[in-house]
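Chemist: This is the structure I want to talk about, given as structure tokens.
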Amino acid sequence: MKALLKLTCVALGLSAAWPATAFAQSPTEDEQAVLATLDRLFDGMRANDGELAQSAFADGAVLIRTEGGDGAPATSISPVTGLVSAVAGATVEWDEPVWDPIVHIQDHLATVWIKYAFYLDGTFSHCGVDAVLFARGADGWKITALSDSRETEACELPPGRGR
């Protein structure tokens, strides 16, 4: 897991050197495929469908959560299995609208930096950014690491949505 965390940090750091795509022009086929993988995760969350959510992740994928905007920073790293189980067992809708993606792709590695807001059964919960690392394999693009920031105050909300 430490090696994957190091790879994630290096890839996200290096992505700043790659040309960014914020979709001022039409996204490429690869960019569309990367974002479709991310959409599959969010579709699974909205539908409380753990299998659909799991299908977006590579084996061994991790979640990296950062918190502490009001105090000392805190980071946790865990396998995605906990998220997938929570999605499958949820009894209310988890809705995570995302917007303003910035996609970087080099060969079989991609990163997406994307703003999000999280709503639990229609009620605003928190917001932040998702920083997502993807690898392309024989079965297409899969998420290898999903990092997010988490804020409850001073949130930018998606177009057309409020608290």
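The values are calculated or read from the model by the stated rules, or taken from the named source; none is laboratory data. Not measured: the values here are computed from a predicted model. Don't worry about glycine lacking a Cβ; one is built from the backbone with ideal geometry, like all the others, and counts go over all protein chains shown.
Chemist: Considering only the stretch 1-55, how many residues are modelled with pLDDT under 95 and among the aromatic types (F, W, Y)?
Modeler: So the count comes out to 2.
Chemist: Residues of the stretch 28-62 being part of a loop (DSSP other than H, G, I, E, B) and at negative phi, which ones?
Modeler: T28, A47, D49, S55, A56
Chemist: Assuming T111 fulfils every condition listed in (1) more than 16 Å from G140 (Cα to Cα); (2) touching a residue at least 40 places away in the same chain (Cβ under 8 Å); (3) touching a His at 6+ places or on another chain (Cβ under 8 Å) apart from one, which condition is it?
Modeler: The single condition T111 does not satisfy is (1).
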